[in-house]
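Enquirer: After the structure tokens below, expect a handful of questions from me.
The values are calculated or read from the model by the stated rules, or taken from the named source; none is laboratory data. Small disclaimer: the values here were computed from a predicted structure and weren't measured. With ideal geometry, Cβ positions are generated from the backbone for all residues, glycine too; neighbour counts draw on all protein chains shown.
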Amino acid sequence: MDLKENPVENAWIHNVNSKSQIRTDNNGTGNLIFKKENNPANFLISWVGFETYKLQIDLNYNQNVEIYLTEDLQETPIRNQTDTLKVTEFNKTYFITDGRIKWEKSDQKY
């Protein structure tokens with residue numbers, strides 16, 4: 001679910017330990033069944049537009065876990081979008097923005 005309690009359909013639940021993964025259903029639910037063991041299970045829950053959620057579960061106990069995903073506030077660049085960059089370093093062949101991204105001059109024709 002998201003923070004507004006809307007189901008997040010098709011979110012990935014990735015078991016880091018076994019490399020297996022499932023997707024949530026149209027209610028935002030995913031069911032996983034494990035045998036009890038001493039090692040914890042580690043999960044990454046992710047979907048487009050949301051921050052990845054990390055979860056560790058103790059497999060010695062039965063658990064019912066509700067997770068609320070937070071919207072990812074990083075904006076995705078859009079073609080032909082106008083934006084402002086703060087340039088922190090430059091010369092004739094490159095410039096670097098405040099995010100330490102280096103933009104280099106290219107002679108390649110598109």
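Enquirer: Determine if region 82-89 includes at least one residue that is on the phi < 0 side of the Ramachandran plot, among the hydrophobic types (A, V, I, L, M, F, W, C), at pLDDT 80 or above and out of contact with any Gly (no Cβ under 9 Å at 6 or more places or on another chain).
Expert: There is at least one residue in region 82-89 that is on the phi < 0 side of the Ramachandran plot, among the hydrophobic types (A, V, I, L, M, F, W, C), at pLDDT 80 or above and out of contact with any Gly (no Cβ under 9 Å at 6 or more places or on another chain).
Enquirer: Right, next: Scan 101, 45, 13 and give me the residue that is among the β-branched types (Val, Ile, Thr) and at pLDDT below 85.
Expert: 101
Enquirer: While we're looking at this one, here's another question. In region 28-69, what residues are farther than 11 Å from residue 8 by Cα, polar (S, T, N, Q) and in a loop (DSSP other than H, G, I, E, B)?
Expert: 31, 38, 39, 52, 60, 62, 63, 64
Enquirer: Here's something else I'd like to know. Look at region 7-19 and say how many of its residues are hydrophobic (A, V, I, L, M, F, W, C) and assigned to a loop (DSSP other than H, G, I, E, B).
Expert: 3
Enquirer: Select, from 66, 71, 51, the only residue that is within 28 Å of residue 1 (Cβ to Cβ), surrounded by 12 or more Cβ atoms within 10 Å (Cβ to Cβ) and modelled with pLDDT of 75 or more.
Expert: Matching residue, one of 66, 71, 51: 51.
Enquirer: Which of (1) surrounded by 13 or more Cβ atoms within 10 Å (Cβ to Cβ); (2) among the β-branched types (Val, Ile, Thr); (3) part of a loop (DSSP other than H, G, I, E, B) does residue 22 not meet, given it meets every other one?
Expert: Just one mismatch for residue 22, condition (3).
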